[in-house]
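Taken together, the values in this text are just the output of simple stated rules run on the coordinates, not laboratory data. Source: prediction; values computed, not measured. Cβ placement follows ideal geometry from the backbone for every residue including glycine, while neighbour counts extend to all protein chains displayed.
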Amino acid sequence: MGCLRQEYTPTKPTNPSLYSQMRRKSFLKTLGKILLKDFATIKGAGVLVFSDMADRMVRGVDSVQASVSGALFEPVIRLGVTGLSRAGKTVFITSLVANLIDRGRMPQLLAASNGAIQAAYLRPQPDDTVPRFDYETHLGSLLSAKPVWPASTRAISELRLSLRVQPSGILGAVSGPRTVHIDIVDYPGEWLLDLALMDKNYADWSNETFRRLENREMAAEFLALAAGADAMAKLEEPVAQGLAAAFAGYLSEAREAGYSDCTPGRFLLPGELAGSPVLTFAPLPAVAKAGRGSLYREMERRFEAYKSKVVRPFFRDHFSKIDRQVVLVDALGAIHAGPKAVEDLRHAMSDILGAFRPGRNSFLSRILRGKRVEKILFAATKADHLHHRQHGRLTGIMEALVKEARARADFRGADTAAMSIAALRATVEETIDHEGSKLDCVRGTLMSGKRAAFYPGELPDDPARLLGPARDGAEKWLDADYQVMSFAPAALTLKPGDGPPHIRLDKAVQFLIGDRL
Ligand SMILES: Nc1nc2c(ncn2[C@@H]2O[C@H](COP(=O)(O)OP(=O)(O)OP(=O)(O)O)[C@@H](O)[C@H]2O)c(=O)[nH]1
Ligand SMILES: [Mg+2]
């Protein structure tokens with residue numbers, strides 16, 4: 001279907017007023033259909049909440065505009081890039097863009113190797129209120145004489161890369177080159193975990209949270225504070241602030257300890273919302289009937305505000321528009337940290353993937369109105385820490401990590417794949433003699449500036465040998481030890497036409513957008 005749409009490039013009528021009339025007519029017609037459909041739903045069920053309808057209309061109008069401009073002018077692909085913190089999102093996007101602008105290292109991207117992509121350039125992004133992905137600064141850090149990894153980024157950002165593509169076949173010969181825009185949207189994976197809040201009220205959320213916290217020692221301080229709070233008393237802001245701060249403190253310690261269910265996500269990554277009332281709440285034990293202006297009622301109100309002013313807009317304005325998605329996973333980092341971290345990662349993946357099976361969540365189903373992400377790539381990042389002989393095993397582990405979630409998920413219509421990649425290769429391979437046997441190592445520059453060869457350990461052929469003990473709660477790996485080493489980015493001198501070195505970035509891009517080029 002994507003191919004058909006892309007082949008169709010109608011020419012503009014020469015009469016400009018006729019042309020704009022056509023655009024307006026087609027837009028209004030489709031908008032009319034959306035409105036009619038919404039009213040039919042109200043009549044039939046009588047339960048459609050107004051804000052849902054508004055969300056659907058916003059999404060409807062957006063997608064009408066997108067498809068109108070897509071069909072008549074230039075197709076737009078919205079590529080979502082997500083992953084938990086430090087998964088490798090910023091490095092991935094920076095290298096992806098650099099390698100699409102200079103395509104010498106992208107042989108597995110068909111449209112690059114057959115010359116269909118004639119040019120790639122950055123253009124102003126369509127969303128005026130989303131911060132721009134700071135490509136130039138990030139690339140500057142990676143390409144400087146003393147390269148460093150880009151700084152951590154903690155919010156959503158966007159970048160538009162436009163490609164001039166010469167379509168193949170007869171149609172291509174007639175129509176000449178056309179422009180395809182790729183809007184890359186970078187957002188924290190932690191935000192997807194908030195989806196679970198949408199179908200819960202404050203009392204249920206509080207109960208569940210207290211149940212979860214019961215056996216966690218890092219929650220002791222918050223639990224004592226919550227137990228001592230008078231939920232029926234009139235709200236006093238310092239009390240609310242004290243509870244929220246203790247709760248946020250618990251969340252951040254829980255995450256340090258490797259727990260993944262650390263929602264609400266913005267408590268850990270508050271960005272510009274830090275200190276605002278939508279982030280100044282915490283769960284409270286249930287009460288019989290809390291009066292107006294009481295601590296309980298205000299906490300409840302702020303929880304609802306968090307859902308409607310923070311979570312809902314993210315899913316409505318950003319998530320719902322994504323066509324293709326890459327989920328980056330630092331699987332090697334988790335394996336190195338031990339079985340608990342691997343089990344935790346498996347849970348987090350399952351929760352994250354929940355966002356891609358909207359059938360389970362009525363809020364999301366309403367917002368998406370049947371639209372689905374068409375392709376999802378699960379990529380194990382930083383594969384340059386491993387000799388290529390082991391890449392297949394890392395991919396196997398990645399597949400196993402998301403397998404259960406994938407099997408349960410209803411990805412109807414979405415094409416999924418797993419891969420091991422390195423967005424920026426910082427090492428070279430080397431086989432060394434060690435106590436009479438050969439060891440397949442990688443060599444790179446450490447953060448200290450020293451060069452070192454590194455053997456990370458042998459990943460098992462069968463992923464169950466890692467995931468089994470992880471699920472059984474093992475404290476450490478029995479038959480192996482896995483290491484990760486922090487390599488600095490390699491100092492690069494790039495040939496004209498070449499982007500930064502990588503592993504399988506071209507294959508990843510071919511999977512994600514190759515069919516639309
Ligand atoms: N060797 C190697 N290390 C990588 C690669 N990609 C990322 N890293 C390492 O992983 C760290 C995190 O990468 P980022 O791209 O900043 O990760 P992120 O997901 O944007 O992180 P946050 O913005 O903090 O959420 C980097 O500082 C590097 O140390 C890679 O391709 N190869
Ligand atoms: Mg980042």
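Give the cross-link partners of Lys340 among the aspartates and glutamates, using a straight C-alpha distance below 15 Å as the criterion and excluding same-chain residues fewer than 8 apart.
Of all the aspartates and glutamates, those that pass the test against Lys340 - Cα under 15 Å, at least 8 places apart if same chain - are Glu256, Asp261, Asp330, Asp472, Glu475, Asp481.
Any idea how far apart Phe73 and Tyr455 come out in nm if each label point goes 7 Å out from Cα toward Cβ?
Result for the modelled spin labels: 5.9 nm.
Could you rank the peptides 460-466, 504-510 by their average count of other C-beta atoms within 10 Å per residue, with the highest value first?
Ranked by mean Cβ neighbours within 10 Å, highest first: 504-510, 460-466.
What distance in nm separates the simple spin-label points at Met198 and Ser276, each placed 7 Å from Cα in the Cβ direction?
1.9 nm
In whole Hz, with x marking every Gly and Pro, tabulate ³J(HN,Hα) for segment 494-506 from phi via Karplus 6.51 cos²θ - 1.76 cosθ + 1.60, θ = phi - 60°.
Along segment 494-506, the couplings run 8, 5, x, x, 9, x, x, x, 8, 10, 6, 5, 5 Hz.
Read phi for every residue in segment 239-248 and hand back ³J(HN,Hα) as whole Hz from Karplus 6.51 cos²θ - 1.76 cosθ + 1.60, θ = phi - 60°, with x for Gly and Pro.
Karplus-based 3J(HN,Hα) across segment 239-248 equals 5, 4, 5, x, 5, 5, 5, 5, 5, 5 Hz.
Once you've got the Cα coordinates, tell me which of Lys309/Lys371; Lys403/Lys438; Lys89/Lys371; Lys89/Lys307 are over 27 Å apart.
Pairs exceeding the cut-off: Lys403/Lys438.
Which order do the peptides 157-170, 227-240 take when ranked by the mean count of other beta-carbon atoms within 10 Å per residue, highest first?
157-170, 227-240
Grab every C-alpha pair in segment 294-440, bin the distances at 10 angstrom width from 0 up to the longest one, and report whole percents.
10, 30, 28, 19, 8, 4, 1, 0
FRET efficiency for Leu143 and His388, Cβ-Cβ distance as r, R0 = 25 Å, nearest 0.05?
0.55
Too long at a 31 Å Cα-Cα cut-off: which of Lys382/Lys476; Lys375/Lys450; Lys321/Lys507; Lys382/Lys450?
Table pairs above 31 Å Cα-Cα are Lys375/Lys450.
Taking the alpha carbon gyration tensor of segment 233-328, what are the square roots of 5 times its eigenvalues, largest first, to the nearest whole Å?
So the three semi-axes of segment 233-328 are 27, 17, 12 Å.
Quick one: give the max-minus-min coordinate of the C-alpha atoms of segment 136-192 along each principal axis, largest first, in Å.
Reported extents, whole Å, longest axis first: 47, 37, 13.
Give the share of C-alpha pairs in each 10 angstrom bin for segment 385-517, from 0 to the last occupied bin, in whole percents, shortest bins first.
10, 30, 33, 20, 5, 0
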